[in-house]
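The values are calculated or read from the model by the stated rules, or taken from the named source; none is laboratory data. This structure is a prediction, so every number in the text was calculated from the model and none was measured. Neighbour counts run over all protein chains shown; Cβ positions are idealised from the backbone, glycine included.
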Amino acid sequence: MQSLEPWHGRCRLQFQTTNGSTKHQGGCTAPFKLLRADVGDHGRCELPLLHTAGGLVGGDELSIELDLGPDSRSLITSVAAQKVYGSVGRSRLNPDGAWTQQSVTCRLEDTSDLEWLPQELVLYADALFQQTLTVSLPNNASFLSAEIVRLGRTAAGEQLSRGRWRSCLEIQREGAHQPRWELVDRLELSDTSLNDPHGLGGAPVFGSLVWAAPMPLTGEQITLLLAGARSDRDGLEGTMRCSSLDQGLIARYAGPSSRDARFWFSRIWARTRALRGLSTPRIPRVWPLQEQPLMGQPFTANASPTAATTH
């Protein structure tokens, strides 16, 4: 029987603002499909991206390019969780398996604002997945990313086993004289790092949120932002930590619940909006949340949190 050729789905989108409303143009190839865009607050283009295949197998590739023109605002999300099937030990011709790869390239111009918020990535046992996220933006643009990965289908008693997850995130500021790095973050989760106490300690869910702010943050602003983010952990299960960047914030989640990771990241997302005088975000209609993660939370720019910790 002849084996199926791997997918290479491509999506390239440009965003431009006219009369205060951002529109997109461009397109994609299978297995990508664009759904109807919504117009969010402040003219933001909210666009769900659908992966029409049942999941990703070894050798599949996804390439996404996002270009934001001056003053444009966009929120890109996915319609459903992305599944990556196992490949290690599944083929006698290639017993080491084959990597599934995803690359996302974002280029932002002056005063643009991009929120990259895909739904959960689920790695089946023995899956190999490698992703790169490369961002270039000026000092007055904003980029926010929140990504969550589940390492094995834990509800079925499954672990990642011989699988691996690799991630490379690079954010570069384009200055008047020379660019500078806001963040270079390279991670691999596999083998002993999955259970080692200095790694995930057996937690099946890992997540990262990064915000590159469109303005320098004062000492008071970053203190309030971090303290607010830490108070937002109340009632959520898992280990959650956050710290500042030169001009922004990074947060990590490790624990049992992708729901709690999404709740915490949603609350931090709302705080980054409030700090810029923007409205509280509306949870995208395609997210399968039964509760409201932002309900009852104080998201004002100068709100003093009721509780804070030191990490």
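For beta carbons closer than 8 Å, sequence separation of 6+ or different chains, a first residue in the stretch 254-278 that is acidic (D, E) and at pLDDT 95 or above and a second that is crowded, with 19+ Cβ neighbours inside 10 Å and outside any loop (DSSP other than H, G, I, E, B), the qualifying pairs are D260/Y253.
Just one of (1) under 19 Å from the mean Cα position of the chain (by Cα); (2) at pLDDT 95 or above; (3) surrounded by 13 or more Cβ atoms within 10 Å (Cβ to Cβ); (4) of a type in the set (A, V, I, L, M, F, W, C) fails for V184. It is (3). Please indicate, with yes or no, whether at least one residue in the stretch 52-75 is buried (at least 19 other Cβ atoms within 10 Å of the Cβ), polar (S, T, N, Q), modelled with pLDDT of 95 or more and touching a strand residue (DSSP E or B) at 6+ places or on another chain (Cβ under 6 Å). Checked against the condition, which is being buried (at least 19 other Cβ atoms within 10 Å of the Cβ), polar (S, T, N, Q), modelled with pLDDT of 95 or more and touching a strand residue (DSSP E or B) at 6+ places or on another chain (Cβ under 6 Å), the stretch 52-75 yields at least one hit. Here D60 meets each of (1) out of contact with any Pro (no Cβ under 8 Å at 6 or more places or on another chain); (2) over 25 Å from T111 (Cβ atoms); (3) not hydroxyl-bearing (S, T, Y) with one exception, condition (1). Exactly one residue among G201, G175 is over 21 Å from G97 (Cβ atoms) and surrounded by 13 or more Cβ atoms within 10 Å (Cβ to Cβ), and that residue is G201.
Of the candidates L47, L75, L62, the single residue that is assigned to a strand (DSSP E or B), among the aliphatic types (A, V, I, L, M) and over 18 Å from E120 (Cβ atoms) is L47.
Apart from one condition, G27 fits all of (1) modelled with pLDDT under 95; (2) within 26 Å of I283 (Cβ to Cβ); (3) part of a strand (DSSP E or B); (4) not hydrophobic (A, V, I, L, M, F, W, C); the exception is (2).
Kindly indicate whether R44 is over 30 Å from S91 (Cβ atoms), surrounded by 14 or more Cβ atoms within 10 Å (Cβ to Cβ), at pLDDT 95 or above and not polar (S, T, N, Q). When the stated conditions are applied, R44 passes them. For K83, are the conditions met, namely being closer than 25 Å to F143 by Cβ and either of a type outside the set (G, A, S) or not in a strand (DSSP E or B) (or both)? For K83, the condition - closer than 25 Å to F143 by Cβ and either of a type outside the set (G, A, S) or not in a strand (DSSP E or B) (or both) - is not met.
Residue by residue, here is whether (1) part of a strand (DSSP E or B); (2) buried (at least 20 other Cβ atoms within 10 Å of the Cβ) holds:
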residue	(1), (2)
C106	yes, yes
E115	yes, yes
Q119	no, yes
V122	yes, yes
D126	no, yes
Q130	yes, no
V135	yes, yes
N139	no, no
S145	yes, yes
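For the stretch 83-119, a residue qualifies if it is farther than 15 Å from C45 by Cβ and in contact with a Phe, Trp or Tyr (Cβ under 9 Å, 6 or more places away or on another chain), and the qualifying residues are K83, V84, Y85, G86, S87, W99, T100, Q101, Q102, V104, Q119.
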